Amino acid sequence: HIINLGRPLCDARRSRRPRPYATERRNMSPMLSQKEADIQMMLAAGCHLGTKNVDFQMERYVWKRRADGIHIINLGRTWDKLMLAARIIVATENPQDVVCQSARPYGQRAVLKFAQYTGAKAIAGRHTPGTFTNQKDALFAEPRVLILTDPRTDAQPISETAYVNLPTIAFCDTDSPLKHVDIAIPANNKAKHSIGCLYYLLARMVLQMRGTISPANPWDVMVDLFFYRDPEELEQKEEEAAAAAAAPVESAGYNAVADAAYGAESWDEQVPAGAGGFPAAAGNWSEAPAPTGWDAQQGGDFGSGFGAMPQGY
């Protein structure tokens, strides 16, 4: 009996002990769900599509190669690098000391939106040489963290970071050089949807770590605001909208009613005398008017009077 009573007691004690792996799994379940949603968004935006060429330093981030030669990027590593970059940005005390830059047109709108929501400083367009090294330059800046869209396009600011010992975060494709890049975020940096999605996720992670947004207070900004918009497409849409607004709106029954009302009116009816305050006109309106003036003097016809002219006229 002692042995039988001891076994249930031991089982009860074991059951009361908290399982560490169960607690850890319960705490990480929201993070995993958020990670899965972010990866699905990156898949929809095409962030996993690399190029046919691969740099030897980017091989660690490549998952596999497709039959057509395109390398597929491991988005799990991309999400981890986004989290690391967000921690570095949050650790910077002054948000203005973070500079995000993009010379590629597809990334300029995303850079401006990222700076708007995180408080960073944005440089969209061509980089002026000496911005980080020449103190006499009017645009001289001394940032603590630099975020770049493409290491190949933004080669000039990367070369200047080597002189001022500036940490650099860059979105790198499979063929991007990693020289002077401290944190490489593997992703597709050539498509407008991919660039906008990456900056959106990075901005949201920064705001989450700062406590600005939370699961109870979610971020109400859509990822579409970070996408590049072609000015020609916007002008074409505005022209189409203006043309649609200027065109007359005709309903199906409007013309029928107007035609019926027009056919019901009779312009041949005689107006009664005194209608509208004017007397009825006498005579037959179907006959030609009687000649007056010069026609009456010439016999009612200009041609007949011309024949009676004196000789030599």
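Quick notes on this structure:
- Members of region 119-140 found to be modelled with pLDDT under 85 and closer than 15 Å to residue 96 by Cα, listed by number: 139
- Residues of region 200-216 that are among the β-branched types (Val, Ile, Thr) and surrounded by fewer than 16 Cβ atoms within 10 Å (Cβ to Cβ): 212 alone.
- Checking each residue in region 149-167 for being in contact with a His (Cβ under 6 Å, 6 or more places away or on another chain) and within 20 Å of residue 105 (Cα to Cα) picks out 156, 157, 158.
- Scanning region 160-199 for residues that are β-branched (Val, Ile, Thr), assigned to a loop (DSSP other than H, G, I, E, B) and open to solvent by less than 10 Å² (accessible area, probe 1.4 Å) returns a single hit, 174.
- Only one of 182, 137 that is more than 29 Å from the chain's Cα centre (by Cα) and within 22 Å of residue 80 (Cα to Cα): 182
- Test set (1) touching a strand residue (DSSP E or B) at 6+ places or on another chain (Cβ under 7 Å); (2) assigned to a loop (DSSP other than H, G, I, E, B) - residue 157 fails condition number: (2)
- Residue match in region 17-40 (condition: of a type in the set (Ser, Thr, Tyr), open to solvent by 100 Å² or more (accessible area, probe 1.4 Å) and either modelled with pLDDT under 50 or touching a strand residue (DSSP E or B) at 6+ places or on another chain (Cβ under 8 Å) (or both)): yes
- Subset tally (residues that are touching a Leu at 6+ places or on another chain (Cβ under 8 Å), without any contact (Cβ under 8 Å) to a residue 40 or more places away in the chain and among the basic types (Lys, Arg)) for region 111-137: 0
- So residue 125, is it at positive phi, open to solvent by less than 60 Å² (accessible area, probe 1.4 Å) and under 26 Å from the mean Cα position of the chain (by Cα): yes
- Filtered residue count, region 190-247, keeping only those that are touching a residue at least 40 places away in the same chain (Cβ under 8 Å) and of a type in the set (D, E, K, R): 4
- Residue match in region 224-242 (condition: modelled with pLDDT of 85 or more, open to solvent by less than 60 Å² (accessible area, probe 1.4 Å) and either in a helix (DSSP H, G or I) or β-branched (Val, Ile, Thr) (or both)): yes
- For region 45-75, the set of residues classified as exposed (fewer than 12 other Cβ atoms within 10 Å of the Cβ) and either among the hydroxyl-bearing types (Ser, Thr, Tyr) or in a helix (DSSP H, G or I) (or both) consists of 59, 60, listed by residue number.
The values are calculated or read from the model by the stated rules, or taken from the named source; none is laboratory data. Keep in mind that what you see is a predicted model, and the values were worked out from it rather than measured. In this analysis, Cβ positions are derived from the backbone assuming ideal geometry, glycine residues included, and neighbour counts consider all displayed protein chains. The accessibility values were calculated without ligands, DNA or RNA, using every heavy atom of the protein model including side chains. Shrake-Rupley method; radii C 1.70, N 1.55, O 1.52, S 1.80 Å.
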